[in-house]
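The values are calculated or read from the model by the stated rules, or taken from the named source; none is laboratory data. Every value quoted in this text rests on a predicted model; they were computed, and no experiment measured them. Here the Cβ is made from the backbone with ideal geometry for all residues, glycine too, and neighbour counts use every protein chain on show. Just the protein is used for accessible areas: all its heavy atoms, side chains included, with ligands, DNA and RNA removed. Shrake-Rupley method; radii C 1.70, N 1.55, O 1.52, S 1.80 Å.
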2 protein chains.
Amino acid sequence: MAVQTPEKSTGASVSLGPAAALSCRECGERFPLGPIFACEACFGPLEIAYNLPTGDPEGLRKQIEAGPKNIWRYAPLLPVPADVASKPSTNPGYTQLVKADRLARELGVTGSLHIKDDSGNPTHSFKDRVVAIAVEAARAFGFTTLSCSSTGNLAGAVGAAAARAGFRSCVFIPHDLEQGKVVMAAVYGGELVGIEGNYDDVNRFCSELIGDPLGEGWGFVNVNLRPYYGEGSKTLAYEICEQLGWELPDQLVIPIASGSQLTKIDKGLKELIALGLVEDKPYRIFGAQAAGCSPVSRAFQEGHDVVRPVKPDTIAKSLAIGNPADGPYVLDIARRTGGAVDDVDDAQIVDAIKLLARTEGIFAETAGGVTVGVTRKLIEKGLLDPSLTTVVLNTGDGLKTLDAVAPTTGPTATIRPSLDAFRDAGLG
Amino acid sequence: MAVQTPEKSTGASVSLGPAAALSCRECGERFPLGPIFACEACFGPLEIAYNLPTGDPEGLRKQIEAGPKNIWRYAPLLPVPADVASKPSTNPGYTQLVKADRLARELGVTGSLHIKDDSGNPTHSFKDRVVAIAVEAARAFGFTTLSCSSTGNLAGAVGAAAARAGFRSCVFIPHDLEQGKVVMAAVYGGELVGIEGNYDDVNRFCSELIGDPLGEGWGFVNVNLRPYYGEGSKTLAYEICEQLGWELPDQLVIPIASGSQLTKIDKGLKELIALGLVEDKPYRIFGAQAAGCSPVSRAFQEGHDVVRPVKPDTIAKSLAIGNPADGPYVLDIARRTGGAVDDVDDAQIVDAIKLLARTEGIFAETAGGVTVGVTRKLIEKGLLDPSLTTVVLNTGDGLKTLDAVAPTTGPTATIRPSLDAFRDAGLG
């Protein structure tokens with residue numbers, strides 16, 4: 001396997017559009033663009049610092065609107081080369097923002113309620129967004145193998161993106177995932193390795209591997225490419241605002257796994273304000289967890305700044321990160337914007353999946369049950385204002401978490417093909 | 001349950017955009033728009049006759065391009081009201097046309113090869129297109145219950161569309177479908193009835209039901225709303241040409257279940273030519289079946305005009321229609337355009353699913369394995385010209401037919417979370 005080492009291609013030669021440098025979220029120290037993820041000074045997480053195209057919001061808006069119907073329409077705001085749309089990619093994004101009037105009625109929402117439905121992405125989860133950005137970084141740094149630790153959705157997204165773009169892939173998952181996610185991760189022909197342990201064990205293993213010669217030259221999308229990867233979630237903020245007619249929503253309900261997505265959506269909204277693409281006004285960000293893995297929710301309820309790790313036990317496996325890296329940032333954003341973090345149990349998750357399906361024809365994965373369920377709970381608690389514009393994220397697809405609803409979801413009846421049988425079954 | 005009878009709302013009052021009347025495909029007899037599907041004179045199938053907007057192709061093209069990013073951009077060419085885009089709908093369509101360079105290399109295609117990937121639709125199959133049109137007809141005719149016979153994909157599409165649009169639904173499926181399709185059909189909260197028999201038995205039962213008082217006032221999307229429903233497949237033709245820069249492809253490979261989709265794609269291409277939206281040039285249409293249900297392929301190979309029904313036995317359940325209603329029309333189109341009809345067996349279907357996944361990151365359902373497998377076979381036989389522009393349809397999603405690939409698709413290895421275990425497994 002001929003791969004370049006990361007060192008070979010870092011530094012000034014890398015051109016990733018408006019991305020100027022990496023900067024530490026804690027101490028502000030800056031580093032040249034490269035496959036690194038932790039500050040050398042303080043070990044804080046690195047994120048992208050940009051030279052964004054300020055000064056002509058109308059021109060920028062027109063440029064975006066004339067772009068492709070996928071995340072590359074926002075290339076001027078992402079760490080990707082200007083010609084990104086011409087490269088082989090799964091081309092995720094620009095998924096539907098569904099005006100959920102029937103769900104609104106059931107929840108007592110009198111304002112407008114919208115579901116941002118990311119099940120419409122190529123592998124049916126929001127992970128296609130972050131992976132597509134990581135692939136561009138991997139190309140820029142000369143990697144030829146893509147890797148990740150995953151609770152399932154990411155594995156499928158990396159497998160598909162690697163296949164399309166011509167990378168080798170090797171992904172790591174907990175050994176006990178849902179069948180749909182395992183098959184989907186494996187079908188793209190890359191290496192798929194089951195790890196005896198939970199996601200946090202898988203993650204720790206990948207951190208070891210990246211420091212070992214065995215992992216040399218590998219692009220781990222959510223480790224050494226994480227600063228790039230994370231930026232993909234900003235596109236959710238961009239799309240929501242564009243689809244609302246270039247307006248900020250009043251309230252957003254976002255699931256929390258590592259917490260990265262929530263923090264990047266906040267970052268994306270702030271960028272749109274700074275660029276003059278939307279009018280500045282307050283918005284509130286709410287975080288949603290499963291009760292069986294709710295360390296951030298617990299810290300929020302208890303008024304703590306520190307997130308105490310837990311051992312996950314929930315059907316919402318895509319959110320089952322017991323030690324969420326961005327937990328403290330999530331707490332800060334929820335508090336700063338006047339939002340909250342809350343959680344629902346497994347039965348409430350299943351109920352919410354069915355509620356969303358029955359009212360809007362959207363079959364969400366368990367993470368979507370978490371956000372819809374938490375939305376209901378926040379309204380009941382008086383924390384979410386039902387008279388305002390609210391956007392609830394569905395980040396994945398019910399077909400990948402069939403086990404959650406299968407025991408209570410099936411045919412009303414099974415009959416012989418005759419009118420008599422139909423009548424006898426009380427169906428007429 | 002308060003439903004209007006179909007009779008109440010047929011006739012001159014119905015306004016479905018450019019749809020002018022129903023006309024018999026066999027004898028040409030015309031009827032007012034209504035929920036009927038067979039000619040009273042000769043029992044031939046009815047289809048929509050249009051007043052299409054001729055005379056200003058450039059204006060029409062601009063109108064389409066300024067429309068929503070879904071099938072409603074083609075509302076001027078469909079039997080739907082002009083304000084259709086503002087009504088609650090799953091809003092399917094405008095799915096990706098993927099330039100499949102890596103697959104092309106594997107198949108020895110030197111021209112351009114594209115996959116029209118309809119797994120990107122709301123319920124992940126092309127059925128969302130046809131159902132969305134049927135919903136508009138059901139609204140126009142005052143139906144409040146949507147129904148269908150289905151091999152699975154349609155059941156999910158009807159369930160979702162009914163939920164979104166606020167219809168009651170009652171759908172009928174063979175009792176032995178894949179779990180994913182059953183759960184997806186049931187989760188939207190409508191009635192789901194398993195029928196002890198195969199799809200042809202389910203279909204016969206629905207025909208009985210529609211003639212019985214029990215089924216009065218029901219809109220069966222693929223029976224009494226079939227003339228409207230079928231038109232949804234035209235949007236595949238429109239999108240393919242628009243995505244190719246308003247050009248006809250040279251060759252299309254289309255799966256055959258009832259054969260309706262193939263005939264409507266041909267109809268759509270002819271309309272684009274007649275309207276001056278694409279330059280007139282020859283195109284060839286190829287039909288693809290599974291060997292275990294290949295009545296049209298057999299008739300084509302044997303030079304017959306008549307399609308002899310078969311009892312299906314194939315993993316491609318969404319194509320398992322043993323008595324395809326539009327078989328003779330498919331034979332005619334394949335012969336007239338210089339195409340062909342061919343079939344591949346179950347092992348070839350699985351191989352083709354994996355080939356497409358490995359090269360393009362697209363996880364197709366078995367029907368997509370059929371079209372990709374048949375494409376390979378047609379090239380080997382010299383029937384499909386590898387130097388031309390070819391579009392292959394993937395009409396559904398691999399997550400719904402996991403059983404097809406699951407036995408041969410899984411983790412490369414399962415290990416403890418340690419570098420030693422990784423090394424010992426030969427993965428480093």
*May I ask you to say which residue of A:402, A:383, A:378, A:388 is in contact with a helix residue (DSSP H, G or I) (Cβ under 7 Å, 6 or more places away or on another chain) and either at pLDDT 95 or above or closer than 25 Å to residue A:313 by Cα (or both)?*
A:402
*Could you figure out which of (1) part of a helix (DSSP H, G or I); (2) more than 30 Å from residue A:359 (Cβ to Cβ) isn't true of residue B:74?*
(2)
*Of the criteria (1) in a loop (DSSP other than H, G, I, E, B); (2) open to solvent by 50 Å² or more (accessible area, probe 1.4 Å); (3) without any contact (Cβ under 8 Å) to a residue 24 or more places away in the chain, which one residue A:309 fails*: (3)
*asked:* Between a residue in region B:312-328 that is at negative phi and not assigned by TED's automatic domain parsing to the domain that holds residue B:25 and any residue that is surrounded by 24 or more Cβ atoms within 10 Å (Cβ to Cβ) and among the acidic types (Asp, Glu), which pairs come within a Cβ distance under 8 Å, given they are 6 or more apart or on different chains?
replied: B:318/B:365
_For region B:392-422, give me the residue count where each residue is open to solvent by 70 Å² or more (accessible area, probe 1.4 Å), more than 7 Å from chain A (Cβ to nearest Cβ) and farther than 13 Å from residue B:357 by Cβ._
3
*Please tell me if residue B:219 is closer than 25 Å to residue B:401 by Cβ and either open to solvent by less than 30 Å² (accessible area, probe 1.4 Å) or within 12 Å of chain A (Cβ to nearest Cβ) (or both).*
no
*Would you be able to say whether some residue in region B:120-143 is of a type in the set (A, V, I, L, M), within 14 Å of chain A (Cβ to nearest Cβ) and more than 20 Å from residue B:73 (Cα to Cα)?*
no
*Can you tell me which of A:156, A:180, A:189, A:194 is part of a loop (DSSP other than H, G, I, E, B) and either facing chain B (nearest Cβ under 9 Å) or at pLDDT below 95 (or both)?*
A:189
*Would you mind telling me which numbered condition in (1) open to solvent by 10 Å² or more (accessible area, probe 1.4 Å); (2) in the same structural domain as residue B:290 (by TED's automatic domain parsing) residue B:425 fails?*
(2)
_Test: residue A:357 is out of contact with any Pro (no Cβ under 9 Å at 6 or more places or on another chain), farther than 26 Å from residue B:90 by Cβ and not charged (D, E, K, R)_ = no
*Inside region B:48-71, can you point out the residues that are in a loop (DSSP other than H, G, I, E, B) and either buried (at least 18 other Cβ atoms within 10 Å of the Cβ) or of a type in the set (A, V, I, L, M) (or both)?*
B:52, B:66, B:70
*Could you tell me whether any residue of region A:77-87 is closer than 30 Å to residue A:388 by Cβ, of a type outside the set (A, V, I, L, M) and without any contact (Cβ under 8 Å) to a residue 60 or more places away in the chain?*
no
*Write out, first by first residue and then by second, each pair whose Cβ atoms fall under 8 Å of each other, whose residues are 6+ apart or on separate chains, and whose first residue, in region B:114-130, is more than 13 Å from residue A:399 (Cβ to Cβ) and in the same structural domain as residue B:359 (by TED's automatic domain parsing) while the second is of a type in the set (Ser, Thr, Tyr) and in a strand (DSSP E or B).*
B:114/B:390
*Could you check how many residues of region B:346-372 are of a type outside the set (Ser, Thr, Tyr) and more than 21 Å from residue B:152 (Cβ to Cβ)?*
8
_Candidates A:214, A:209 - the one that is hydrophobic (A, V, I, L, M, F, W, C), part of a helix (DSSP H, G or I), open to solvent by less than 10 Å² (accessible area, probe 1.4 Å) and at the interface with chain B (Cβ under 7 Å from one of its Cβ atoms)_ = A:209
*Might you let me know whether region A:144-151 holds any residue that is hydrophobic (A, V, I, L, M, F, W, C), in a helix (DSSP H, G or I) and farther than 30 Å from residue A:382 by Cα?*
no
*Would you point out which residue out of A:244, A:225 is more than 8 Å from every other protein chain (Cβ to nearest Cβ), surrounded by fewer than 21 Cβ atoms within 10 Å (Cβ to Cβ), at pLDDT 90 or above and within 21 Å of the chain's Cα centre (by Cα)?*
A:244
*Per-region count, region A:356-382, residues within 14 Å of chain B (Cβ to nearest Cβ) and crowded, with 20+ Cβ neighbours inside 10 Å*: 13
*Residue that is in a helix (DSSP H, G or I), touching a Phe, Trp or Tyr at 6+ places or on another chain (Cβ under 9 Å) and on the phi < 0 side of the Ramachandran plot, where the choices are A:359, A:375, A:401*: A:375
*Cβ-Cβ under 7 Å pairs, at least 6 apart or on other chains, region A:333-344 side in the same structural domain as residue A:294 (by TED's automatic domain parsing) and modelled with pLDDT of 95 or more, far side part of a loop (DSSP other than H, G, I, E, B) and of a type in the set (Asp, Glu)*: none
*asked:* touching a helix residue (DSSP H, G or I) at 6+ places or on another chain (Cβ under 9 Å) and either open to solvent by 10 Å² or more (accessible area, probe 1.4 Å) or part of a helix (DSSP H, G or I) (or both): which single residue out of A:347, A:325 fits that description?
replied: A:325
*Looking at (1) part of a loop (DSSP other than H, G, I, E, B); (2) in contact with a helix residue (DSSP H, G or I) (Cβ under 8 Å, 6 or more places away or on another chain); (3) open to solvent by 10 Å² or more (accessible area, probe 1.4 Å), can you tell me which one residue A:42 breaks?*
(2)
*(1) out of contact with any Lys or Arg (no Cβ under 7 Å at 6 or more places or on another chain); (2) within 13 Å of chain A (Cβ to nearest Cβ); (3) farther than 20 Å from residue B:365 by Cβ; (4) outside any helix (DSSP H, G or I): which one isn't true of residue B:89, the others all being true?*
(1)
_Pairs where the first residue, in region A:51-73, is under 20 Å from residue B:98 (Cα atoms) and the second is outside any helix (DSSP H, G or I) and among the charged types (D, E, K, R), C-beta under 7 Å, 6+ apart_ = A:69/B:69
*asked:* Can you pull out every residue in region B:264-290 that is assigned to a helix (DSSP H, G or I), among the β-branched types (Val, Ile, Thr) and either farther than 24 Å from residue B:132 by Cα or open to solvent by 10 Å² or more (accessible area, probe 1.4 Å) (or both)?
replied: B:273
_Restricting to region B:95-114, give me the number of residues that are open to solvent by less than 20 Å² (accessible area, probe 1.4 Å), within 10 Å of chain A (Cβ to nearest Cβ) and in a loop (DSSP other than H, G, I, E, B)._
2
